[in-house]
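Asker: Here it is: the structure, laid out below.
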Amino acid sequence: MDAFPALIAAGATAVCCLVCAIWAFRPPSPNKHQSALTPTCCSCRDKATAASANGEMAIGGDEMNKTPAPAPAATGASMMEQLVPEITTHALSYLDCTSLCHLSMTNSAMRRAANDDGAWKALYHKDFTVEQGNITPPNGWKAYYAATKAIMNVNAEFYNIIREGSLPAMSHFWLNADYVKCINASGELFTGYNAVMNSWALLFNWGQDGGQGTDFQLRDVRARVLSDVAWVNMKVHVDGEPGPLHATNVYEFRNDRWYMVHHHSSVMVDPAPHNLFG
Amino acid sequence: MAATTADGSKVVGGGEKSNVDEESKMITLFSSDGERFEVTQEAAAMSQTIHHMMEDGCVDDEGVHLPNVGSSILAMVIEYCNRHVASPDEKEDIRSFDAGFVNVEHHTLFDIIRAANYLDVKELMDLCCQTVADSIKSKSVEEIRELFGIVNDFTPEEEAEIRKENQWAFE
């Protein structure tokens, strides 16, 4: 007669979880009836499987804020991997580049998902520019994103050197070759490494067009990166000076690093609209 | 679409008998496990899937069957939709509601993402995906594995290769 109340409880549980019909019809032993319910059975899951989940999972359960660590599904895939591709792609679009890289390092399935070319193309357009939408980078968009980030950093370094007015740093930054050129905003052209370095020395000594104490803001920085050549266009707003400048910098990749080989600055023309009739 | 005339009587286009309550224009939804949910049509229309079904006249006398959504998740989605159509302009209230709404374990969050995708509720999808993204940000690789129960299956050679491949992002 002890079995009767247990039978009623078992019946109520079974009715409650219609979607788990297959499981409910398995020949259950009285003790294990509740844990036979699949983890995806919504309303009964917390009651029924909490016990089994705690027992099964060893991964970080104690460190979790709320509930026990999620048990991998029967197929062995984590919940991330169980998402269908279209959802994964959508979810990935919310990540920044560092998070995306971290995710790709977790396991081989996530590596395939997080290295998706489309995801990196979208991230490139979000972080850098909407230009270059029709090009096909030879090593894929993730590599292109990485190369672009590297060049943007190198380019920013150029302006840091100008802010500091450091000639040694500038000498290290340029390629020591006879074809390098520098055209500054005054319109003067310097050809060859030595001439270019002399021009920077003059500028730093006289505190013009840079030198210590002057600050800049770079706007609309656009980079194009090929395997061993890259160029960057930008607008330079100099503090305290009226006219912003256009600047073009060209870099070459030699001996495992980027060198500047060309710099050209010019005064920006005021883009006020001109009336045809005015 | 049903319309209410001045004296309160209902005019239904097309002469169809749909499961529409005269006063509040309700619609019945059935979860995968057969539970019934009565929601206003306005709230249900936040789901583009259901919205298109209503527009195209595909909703029969019974209501809408959703074989891909279980009852507890459907209840949560309905709660979200109800809240968002009730007072769409109270930004602060909605923000704190949303924050509480996604404060669930990741397993549930992923179930909601799947349901929001199936039902095509864009705002809910955005909210949940952003929550998942935020939980990944500034976590180490090992912490991300723990968070989602991802099992590392790389060989040591692959590990080294991957570290090199991603080095640039951590400089």
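Values in this text are rule-based calculations from the coordinates and carry no lab data. Computed from a predicted structure; not experimentally measured. When we count neighbours, we look across all protein chains shown, and the Cβ atoms used for this are built from the backbone with ideal geometry, even at glycine.
Asker: Please check which bits of the stretch A:125-151 a label hung off A:Lys235 would reach, taking the label as a point 7 Å along Cα-to-C-beta and the cut-off as backbone N under 17 Å.
Answerer: Taking a point 7 Å out along Cα→Cβ of A:Lys235, the residues of the stretch A:125-151 whose backbone N falls under 17 Å are A:129-131.
Asker: For the stretch A:154-226, what D do you get in µm² per second when you plug the Kirkwood radius from alpha-carbon pairs into Stokes-Einstein at 25 °C and 0.890 mPa s?
Answerer: On the way: Rh = 13.0 Å.
For the chosen part, D equals 188 µm²/s.
Asker: Which number comes out as Rg/Rh for the stretch B:45-101 once both Rg and the Kirkwood Rh are worked out on C-alpha atoms?
Answerer: Numbers: Rg = 13.5 Å, Rh = 12.9 Å.
Result for the stretch B:45-101 is an Rg/Rh of 1.05.
Asker: Ok, one more. Given a Förster distance of 45 angstrom, what is the FRET efficiency for A:Ser108 paired with A:Thr248, based on the Cβ-Cβ distance and rounded to 0.05? Numbers along the way, then the final one.
Answerer: On the way: r = 43 Å, r/R0 = 0.95.
Taking R0 as 45 Å, the efficiency between A:Ser108 and A:Thr248 is 0.60.
Asker: Putting +1 on Lys and Arg Cβ atoms and -1 on Asp and Glu Cβ atoms, find which of A:Met197, A:Val229, A:Tyr179 reaches farthest to the positive end of the dipole of the stretch A:143-243.
Answerer: Sorting the options by dipole projection puts first A:Val229.
Asker: For the pairs A:Lys142/B:Lys137; A:Lys142/B:Lys139; A:Lys142/B:Lys122, note any where the Cα-Cα span goes beyond 22 Å.
Answerer: Values: A:Lys142/B:Lys137 18 Å; A:Lys142/B:Lys139 20 Å; A:Lys142/B:Lys122 27 Å.
Beyond 22 Å between Cα atoms: A:Lys142/B:Lys122.
Asker: Oh, and also: Quote to one decimal, in nm, the extra length available between A:Leu167 and A:Lys181 on full extension: 0.36 nm per residue of separation minus the C-alpha distance between them. Let's see the in-between values first.
Answerer: Numbers: separation 14, 0.36 × 14 = 5.04 nm, distance 1.67 nm.
Extra length available between A:Leu167 and A:Lys181 comes to 3.4 nm.
Asker: Follow-up. For the stretch B:46-171, what's the radius of gyration and Dmax over Cα atoms, in angstrom?
Answerer: 19.3, 61
Asker: Also: Please work out the Cα convex hull volume for the stretch A:71-190 and give it in Å³ per residue.
Answerer: Given the Cα convex hull of the stretch A:71-190, per-residue volume reads 181 Å³.
Asker: Separate question: Between A:Thr89 and A:Leu218, what FRET efficiency comes out of the Förster formula 1/(1 + (r/R0)^6) with R0 = 35 Å and r the beta carbon distance, rounded to 0.05? Could the numbers behind the result be given before it?
Answerer: On the way: r = 32 Å, r/R0 = 0.92.
For R0 = 35 Å, the calculated efficiency reads 0.60.
Asker: For A:Lys126, put the label point 7 Å out on the Cα→Cβ axis and report which residues of the stretch A:79-103 keep their amide N under 20 Å from it.
Answerer: Backbone N within reach: A:80-81, A:83-103.
Asker: Report the relative contact order of chain B, percent, no decimals, based on alpha-carbon pairs under 8 angstrom and at least 6 residues apart. Before the final figure, lay out each step's value.
Answerer: Details: 155 pairs, mean separation 28.3, N = 171.
Answer for chain B is 17 percent.
Asker: Also: Neighbouring Cβ atoms within 10 Å as the yardstick, rank B:Lys164, B:Lys139, A:Lys126, A:Lys121 fewest first. Intermediate values should be presented prior to the final figure.
Answerer: Values: B:Lys164 9, B:Lys139 15, A:Lys126 12, A:Lys121 20.
If I rank by nearby Cβ atoms, fewest first, I get B:Lys164, A:Lys126, B:Lys139, A:Lys121.
Asker: Stretched out fully, how many nm does the piece from B:His51 to B:Tyr118 gain, at 0.36 nm a residue minus the Cα gap? Provide the component values of the computation, followed by the final result.
Answerer: On the way: separation 67, 0.36 × 67 = 24.12 nm, distance 1.26 nm.
Difference between extended and current length: 22.9 nm.
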